[in-house]
Amino acid sequence: MSEHYRAFSFLCPTRLEFGVGAVQKTGGLARELGLSSVLLVSGSGPTSASEGYRSLVASLSDAGIAVDTYAAVTPDPDASQVRDCARLLTSGGHNAVVAYGGGSPMDCAKSAALCAANGKDILDFLYGKAAPGTPALPIVAVPTTAGTGSELSSAAVTTDRQAGKKLGYSHPSFFPRLAIVDPEVQASMPPAVTSATGMDALTHAVESFLSLGANPASDAINLACVRLIAGNLPKACRNGADLDARSGMALAAAMAGAAFSNTGLGMVHGFAHPVGALHGVAHGLANAVILPYVLAALRPATADRMAHLEAFFGPGPLHSSVAALNRELGVPSGLASLGIAEGQLEAIAADARTYRMRPRSPRAFTDDELTTLLHAAWAGDMAAAERV
């Protein structure tokens, strides 16, 4: 039977409002959802002082929605931040959460919304000690970066500081009720953040396309995302005020979130999560460094699928094109350049072996192959990755 007739399921219940100036519509659209009192979650940096943030608050207030704020989310939010946010949701009697920022505020807001609705600790869900009996409180997501795709995804990541682990969790109610994707609020991203988050989006689209869970709907989305990223990421890095490039990246990042929520990801993320949890490396940067090495090892098993992606980059194998894109964007060529010592690789490999989406990889790497591949990515040795 043709794969076009293979049974599959695809879910993305989020309403996407896209376009320059869309942030100004947030209050009216939230009011249509019946929201009356929200906790606005953002990062601890300068985001909450931005023009976009002020426009968002004004839009909510003009719609008669009461707003409290939690502006303490740090990169890779941990369980204590989720608890603090959940307590504010409960004590304030809020009926929704609005996340403004990159992946970290959105992750924190999603997890807190689930915990507040169920009266449980996030670690209970992450370690399987409890299962949600109630959906998360409604979530509105307003991304300021083009990377994680959390605005259209059913996933959130929380760091367990004590265990040194970044733990992903998926739930249907993590899909935001409303995603406001306004390229204008992303225009102030500096080049380094633009490149790291953009490579995160590329990793999502590529891993989702190559996943064993891929289907015709996700394929259509992921091919569009890779095309948009290949054509717009270098432009957005060179000129952050280029709203055409920003729009392409914002749309690609969001759509990739919908796709990977239905397909799963792969071993780039399996490695990147412990690199971030154990060594504080930004998630997008970790993905960017690791991606070409995993692609090199996957090529023998996925050459036909990869050919569809290679068409957007020009001649040559996909891993070589991604490595060239990394060089153009100033991404280091190996994990050693990020300050990771060779003696620390075993702890990363041990965590990667337990990655929850490992079964979705199109190649069933053995534990030893994963270790060899990680060493190749550490050393910047593409030839070694090709031999795995």
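Read the figures in this text as sums done on the coordinates, not as results from a lab. Keep in mind it's a predicted model, so treat the numbers as computed, not measured. Neighbour counts run over all protein chains shown; Cβ positions are idealised from the backbone, glycine included.
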Once you have the Kirkwood Rh of the range 191-387 from its Cα pairs, apply Stokes-Einstein at 37 °C and 0.692 mPa s and quote D in µm²/s. 200 µm²/s
Which of Tyr293, Ala136, Ala187 sits closest to the plus end of the dipole of the chain, meaning its Cα is farthest towards the positive end, when Lys and Arg get +1 and Asp and Glu get -1 on the C-beta? Ala136
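How big is the shadow of the Cα convex hull of the range 170-241, averaged over all directions, in nm²? Can you show the working numbers first?
Working: hull surface 23.3 nm².
Seen from a random direction, the Cα hull of the range 170-241 projects 5.8 nm² on average.
As a test of the formula, what do you get for the chain when each DSSP H run with n ≥ 4 contributes -39,500 (n - 2.57) and the sum is divided by the residue count, at 222 nm and rounded to the nearest 500 deg cm²/dmol?
On the way: 14 runs with 198 residues, N = 388.
Helix-only estimate at 222 nm: -16500 deg cm²/dmol.
With N residues in the range 281-388, what two-decimal value do you get for its Cα radius of gyration over 2.2 N^0.38 Å?
On the way: Rg = 13.5 Å, N = 108, 2.2 N^0.38 = 13.0 Å.
Relative to the rule-of-thumb radius for its length, the range 281-388 sits at 1.04.
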Hz values of 3J(HN,Hα) by residue in the range 272-281 - Karplus curve (6.51, -1.76, 1.60), Gly and Pro given as x: 5, 4, x, 4, x, 5, 8, 10, x, 7
Residue-span extension gain [Gln24 to Arg353] - 0.36 nm each, minus C-alpha spacing: 114.0 nm
Give the Cα extents of the range 15-185 along the principal axes, in whole Å, largest first. 42, 28, 24
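Under a point-charge model restricted to the Cβ atoms of Lys and Arg (+1) and Asp and Glu (-1), what is the dipole moment magnitude of the range 15-185 relative to its Cα centre, in debye to the nearest 20? Each step should come with its number before you reach the end.
Working: 13 positive and 15 negative charges, 77 e Å.
For this selection, approximately 380 debye.
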Name the residue farthest towards the positive end of the dipole of the chain from the options Thr158, Met306, Ala217, assuming +1 on Cβ of Lys and Arg, -1 on Cβ of Asp and Glu, about the Cα centre. Ala217
Cut-off 13 Å between beta-carbons: net charge of the residues surrounding Val73, Lys and Arg +1, Asp and Glu -1: -2
Take the alpha carbon atoms of the range 173-190, find their center, do the same for the range 200-229, and report the distance between the two centers in whole angstrom. 19 Å
Of all the Cα-Cα pairs you can form in the range 98-206, what percent are over 23 Å apart? 29 percent
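I'd like to know how the chain sits against the 2.2 N^0.38 Å rule of thumb: what's its Cα Rg over that expected value? Mind dumping the intermediate values first?
Details: Rg = 19.8 Å, N = 388, 2.2 N^0.38 = 21.2 Å.
Relative to the 2.2 N^0.38 Å estimate, the chain comes out at 0.93.
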Say we join alpha carbon atoms closer than 10 Å with springs in a Gaussian network model of the chain; which of Ala136, Ala347, Ala99 then has the biggest fluctuation? Ala347
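I need the Kirkwood Rh of the range 162-301: take the reciprocal of the average 1/r across all distinct C-alpha pairs and report it in angstrom.
One decimal place: 15.6 Å for the Kirkwood radius.
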Anisotropy class of the range 236-343 from Cα gyration tensor, a/c 1.5 cut: rounded
Straight-line reach only, C-alpha to C-alpha below 24 angstrom: list the lysines that Lys165 could link to, leaving out same-chain residues fewer than 8 apart. Lys110, Lys120, Lys129
If you plug each phi of the range 300-311 into the Karplus form 6.51 cos²θ - 1.76 cosθ + 1.60 with θ = phi - 60°, what whole-Hz ³J(HN,Hα) values come out, in order, with x for Gly and Pro? x, 8, 9, 4, 5, 5, 4, 4, 5, 7, 4, 4
Hz values of 3J(HN,Hα) by residue in the range 227-236 - Karplus curve (6.51, -1.76, 1.60), Gly and Pro given as x: 4, 5, 5, 4, x, 10, 4, x, 5, 5
About the Cα centre, and with charges only on the beta carbon of Lys, Arg (+1) and Asp, Glu (-1), how big is the dipole of the chain? Nearest 20 debye, please. 460 debye
Highest to lowest packing among 262-268, 357-363, scored as the average C-beta count within 10 Å: 262-268, 357-363
To the nearest 20 debye, what is the magnitude of the charge dipole of the range 299-351 about its Cα centre, counting +1 on the Cβ of each Lys and Arg and -1 on the Cβ of each Asp and Glu? 200 debye
If one builds a Gaussian network model of the chain from Cα atoms under 10 Å apart, the most fluctuating residue listed among Ala49, Ala86, Ala336 is Ala49
Taking the alpha-carbon centroid of each part, what is the distance from the range 2-63 to the range 289-326 in angstrom? 33 Å
Estimated D of the range 1-84 in µm² per second, where Rh is the Kirkwood radius over Cα pairs and Stokes-Einstein applies at 20 °C, 1.002 mPa s: 138 µm²/s
Using a 10 angstrom cutoff on alpha carbons, build the Gaussian network for the chain and name the most mobile of Met306, Met255, Met199. Met306
Sequence-distant residues sharing a close amide H with Ala136 (under 5 Å, placed H): Ser173
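For the range 1-132, what relative contact order do you get, as a whole percent, if you take Cα pairs closer than 8 Å and at least 6 residues apart?
On the way: 173 pairs, mean separation 33.0, N = 132.
Computed over the range 1-132, the figure is 25 percent.
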